[in-house]
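First up is the structure itself, then whatever we jot down about it.
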Amino acid sequence: GVITGLITGDAVTLTQAGTFATQNVGTGLVVTAADTLAGAGAGNYTLTQPKGLTGSITARPIIVTGTRLANGMTTAAASILSVSNLVTGDTLTLGGSATLTAATIGTQNITSFTALTLSNKNYTLIGASGSVIIR
C-alpha cells in the first residue's frame, strides 16, 4: 500500500498488517487487511483497507532432538524424538525413524529424515534438522 493525497507537511505513516483466514498450509489463502495510519497528521485522513488479498503459507521444517542409550545402531526411533519448534497449540506425531551420523556415544546429527512420517501437514521434513545424544 501507499499513501496518496498527502498534504505537504503532514506526518503520516502507513503500517501494513493482515490476518490469514486459516493457519494451515496452502496457496491462494484469503488475507484480511488490518492496516493502520499513524503520525501527527493521521487523523486528517481516512484509510480504506485493500480487498481481495491472498497469500501463501508454506510448511515449517521441524527441528528434532532426542536421547537414547548406545545400541550400535545408526537409527533413532521416532518414539525417542521430540519436536522443539511447533507453533503454540499445534500437535504433531512422528512415526518411523531417523538416520544418525554414527552409533557412537555423544551427540550425533540426524543425516536423513526420509524414514520419518509426520501427522501434521503444516510441518515438513524438507529442511528439517536435529540431533540425538547417545549415552
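The values are calculated or read from the model by the stated rules, or taken from the named source; none is laboratory data. All figures in this text were calculated on a predicted structure; none of them were measured in a lab. Here the Cβ positions follow ideal geometry from the backbone for every residue, glycine too, while neighbour counts run over all protein chains shown. Side chains included, ligands, DNA and RNA excluded: accessible areas come from the protein's heavy atoms. Shrake-Rupley method; radii C 1.70, N 1.55, O 1.52, S 1.80 Å.
What the table shows:
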{"read-out": "Computed magnitude of the charge dipole of the chain (debye, nearest 20; Cβ of K, R +1, Cβ of D, E -1)", "value": "460"}
{"read-out": "Carbon plus sulfur fraction of accessible area for the chain, probe 1.4 Å, in percent", "value": "56"}
{"read-out": "Residue-normalised accessible area of the chain, given per residue in Å² at a 1.4 Å probe", "value": "60"}
{"read-out": "Highest to lowest packing among 73-86, 22-35, scored as the average C-beta count within 10 Å", "value": "73-86, 22-35"}
